[in-house]
Amino acid sequence: MTRAASSNATAPVDIATMLQTAARLIHADGRPVEPAPDAATADELTALMCGQLQLLIGEVEQMLGRQAGDSIRRYCATACIGEARRKLSAEATPRYGGHIGHARRLARVLRALCEHYTEMGLPSRDARTSS
């Protein structure tokens, strides 16, 4: 067995870098960054965000196992994972803004999934208020 195969530990997710990637396309409130990046940069950012989303989806799914089965946090994160998967399987189309529009949609779902990841790392609201 190799050293890598014997370890179940993973490196922490770099949320700051993921948010910086998204910030090249959209502001924190979801508005598009203007001027839009050129097509080559948009394609590069799209590829980067696809990898980041795939990593983050897996991490959030693992965190879901630690959430109460009927929690609002769990439900919202599960819905966001579904949306992220739909965005990953979609392709750019001129009808919805072409490559730039597709990249911005990925950036929005990346920001949302980053928020879920961060929130799920916090104690639940009930646990915070009962102490």
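The values are calculated or read from the model by the stated rules, or taken from the named source; none is laboratory data. None of the values given here were measured: they were computed from a predicted structure. When we count neighbours, we look across all protein chains shown, and the Cβ atoms used for this are built from the backbone with ideal geometry, even at glycine. Accessible surface areas use protein heavy atoms only, side chains included; no ligands, DNA or RNA. Shrake-Rupley method; radii C 1.70, N 1.55, O 1.52, S 1.80 Å.
The table that follows gives values for the structure above.
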{"read-out": "Residues (among the hydrophobic types (A, V, I, L, M, F, W, C) and part of a loop (DSSP other than H, G, I, E, B)) located in segment 19-49", "value": "Leu25, Ala28, Val33, Ala36"}
{"read-out": "Test set (1) open to solvent by less than 50 Å² (accessible area, probe 1.4 Å); (2) within 13 Å of the chain's Cα centre (by Cα); (3) not acidic (Asp, Glu) - Gln54 fails condition number", "value": "(1)"}
{"read-out": "Unique residue being at pLDDT 95 or above, open to solvent by 80 Å² or more (accessible area, probe 1.4 Å) and touching a Gly at 6+ places or on another chain (Cβ under 8 Å) when the list is Arg104, Arg108, Arg86", "value": "Arg108"}
{"read-out": "Conditions (1) of a type outside the set (Ser, Thr, Tyr); (2) at pLDDT 95 or above; (3) under 12 Å from Met120 (Cβ atoms); number of the one not met by Arg73", "value": "(2)"}
{"read-out": "Qualifying residue in segment 92-101 (condition: in a helix (DSSP H, G or I), surrounded by 12 or more Cβ atoms within 10 Å (Cβ to Cβ) and of a type in the set (D, E, K, R))", "value": "no"}
